[in-house]
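Working notes, structure below.
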Amino acid sequence: MKVNIHGKVLWINFHHLYYFYIVVNEGNLARASKILSIGQPTLSSQIRQFEQSLEVSLFDRSARKLVLTEAGKLAHQYATEIFKIGTEMATKLTCKQQEMTNNLKIGLMDGVPKCLGLDICKNAMLKSQKNIQIIKGRSDELFKDFEDHEIDLLITNFVPENSEKAGFSFKKISSSPIIICGHKKFQTLQKSFPRSLEDAPLMLPLKLSKSRQDIDNYFEKMNIKIKVLGETNDISMQKLFASEGMGLIATSLASVEDLLENNNLIEIGRLNGVTEDIYLLCSENNVIVF
Amino acid sequence: MKGTLLIVDDEPELVQNLKNLFSDDFQVFTAGDGVQGLEILNQRNIDCVICDFSMPVMDGLQVISKTRMFGNHVPFIFYTAYDNEALKNQIAEYENTLFLAKPNIKELIDMTFIIIKNRSFL
């Protein structure tokens, strides 16, 4: 390692520093040379070279025993720190490698039906011997973790534009029709659907989301004027709004299947040709056949 | 025990009107900007927040991001006339968020009641 001190260049040889460190720890050259598997004269000469490179004496050679100078004591303190950190680094890297090998981290984006995530995890458990860990979160956070290789697989309702360039592969794993649903008090709207939705109170996803754009295009094509009471991308909020009878929601069939089965919600109708697609993103290292 | 509601808006008249509307049913706290709102969120156990987007000192996005950063998942109703879709999209990345456009006061009242009633499910 090259060190520039006030314009003067010094070289620190870490092999020499390690020899010095072992000699001090062992208390004599004979034991140190055994541990290091090098001859005593070679070890002695390497330590002298080290002293010359630093331009200091590390040992007081007037004494019969191995005695450190003040500079030697300081050098040994630093060497202890340096090799402690080195050991820590090696331990952490080994554990990290082991963790990466044993765990399969699956990111599940907010808004993706949980039942789909569970299906993927069951599949992964059957096909892989790894421990499965699910991380739920926001799209920006999960994409960052995915790019940083903190997540192995990502379940998402959209594919970012740069995915293929970044070396990610993706597969459409599900496609669910978008339905209009709500409390049973809106049952009469099933008749003459979708025309019946004219001026019906609706809670929709935000305008910049893909599903909202598809929904708006559908109503525009059908020439139906809708009344948007509120907007949310949060499926729990949508479900609450609908099941409390405040209005209707437009969402994927997969995300409300449980509420339809329990009769908490009823399906008013389907928006023909409008679907929510779910994708599985994999990095090159995790091309698992699902 | 009464539910708790926090209203964060820089229009004092609107804040007072909303407080009058909800104070019979809920314990209502009010804040004129995001900083005051965050202080209340840190001190009280709030069931629902009605928040504006565009406010002095700290806007709605900063308020919700800091609230979530502290692990608080309280539902937020963003009640606003400010129609910035990009900002709304950033806010919508956080869970338990809903957008109602001013002046739909009936929907605001209904939704606030529903959220507070179902607070434990959100």
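Structure notes:
- Amide H partners (placed H, <5 Å) of A:Leu265, local residues excluded: A:Leu260
- For segment B:28-122: rounded, prolate or oblate by the Cα gyration tensor [a/c cutoff 1.5]: rounded
- Unit charges on C-beta of K, R, D, E only; dipole of segment A:1-115, Debye: 200 debye
- Note on segment A:190-276: with charges restricted to the Cβ of Lys and Arg (+1) and Asp and Glu (-1), its dipole about the Cα centre is near 360 debye.
- For the chain pair A and B, the interface hides roughly 2000 square angstrom of accessible area in total, found with a 1.4 Å probe.
- Averaged over the residues of peptide A:231-243, the number of Cβ atoms from other protein chains lying within 10 Å of each residue's Cβ is 6.
- Using Cβ point charges alone (K and R +1, D and E -1), the dipole size of chain B about the Cα centre works out to roughly 440 debye.
- For segment A:219-232, putting each phi into the Karplus relation 6.51 cos²θ - 1.76 cosθ + 1.60 with θ = phi - 60° gives couplings of 5, 5, 4, 7, 6, 10, 8, 9, 10, 8, 7, x, 9, 7 Hz, in residue order, rounded to whole numbers and with x for Gly and Pro.
- Look at the stretch A:197-207: the mean tally of other chain Cβ atoms within 10 Å of its residues' Cβ atoms is 2.
- Proximal lysines relative to A:Lys172, as straight alpha-carbon distance under 26 Å, when same-chain residues fewer than 8 apart are discounted: A:Lys105, A:Lys114, A:Lys122, A:Lys127, A:Lys130, A:Lys136, A:Lys144, A:Lys207, A:Lys210, A:Lys239
- Distant-in-sequence amide H partners of B:Lys102 (H built 1.01 Å from N, under 5 Å): B:Thr80, B:Ala81
- Carbon plus sulfur fraction of accessible area for chain A, probe 1.4 Å, in percent: 52 percent
- Candidates per trypsin sites (Lys or Arg not before Pro) in segment B:20-114, loop by DSSP, up to 10 other Cβ within 10 Å: none
- Less than 5 angstrom separates the built amide H of A:Leu206 from those of A:Thr232, A:Asn233, all sequence-distant by 5 or more or on a different chain.
- ³J(HN,Hα) computed for each position of segment A:196-201 - Karplus, 6.51 cos²θ - 1.76 cosθ + 1.60, integer Hz, glycine/proline x: 5, 7, 3, 6, 6, x
- Efficiency of FRET between A:Glu55 and A:Glu88 - r from beta-carbon atoms, R0 22 angstrom, step 0.05: 0.15
- Order by protection proxy (mean Cβ within 10 Å, highest first), peptides A:76-82, B:108-114: B:108-114, A:76-82
- Å² per residue, accessible surface of segment A:2-99 at 1.4 Å: 70 Å²
- Calculated FRET value between A:Lys122 and A:Ile38, using beta carbons and R₀ = 45 Å, to 0.05: 0.20
- Potential lengthening between B:Gln43 and B:Met69 on full extension [0.36 nm per residue; Cα-Cα distance subtracted]: 7.8 nm
- Per-residue SASA entry for A:Arg195, accessible area with 1.4 Å probe, Å² rounded to 10: 120 Å²
- Phi to ³J(HN,Hα) by Karplus 6.51 cos²θ - 1.76 cosθ + 1.60 over segment A:65-80, Hz, x for Gly, Pro: 8, 6, 10, 7, 7, 4, 4, x, 4, 5, 4, 5, 4, 5, 4, 4
- Value of [θ]222 nm, deg cm²/dmol, for the protein assembly as shown, DSSP H segments ≥ 4, -39500 (n - 2.57) each, nearest 500: -13000 deg cm²/dmol
- Per-residue mean of C-beta atoms belonging to partner chains within 10 Å, peptide A:134-145: 1
The values are calculated or read from the model by the stated rules, or taken from the named source; none is laboratory data. Everything numeric in this text was worked out from a predicted model, so none of it was measured. Cβ: placed from backbone, ideal geometry, glycine included. Neighbour counts: every protein chain shown. The accessibility values were calculated without ligands, DNA or RNA, using every heavy atom of the protein model including side chains. Shrake-Rupley method; radii C 1.70, N 1.55, O 1.52, S 1.80 Å.
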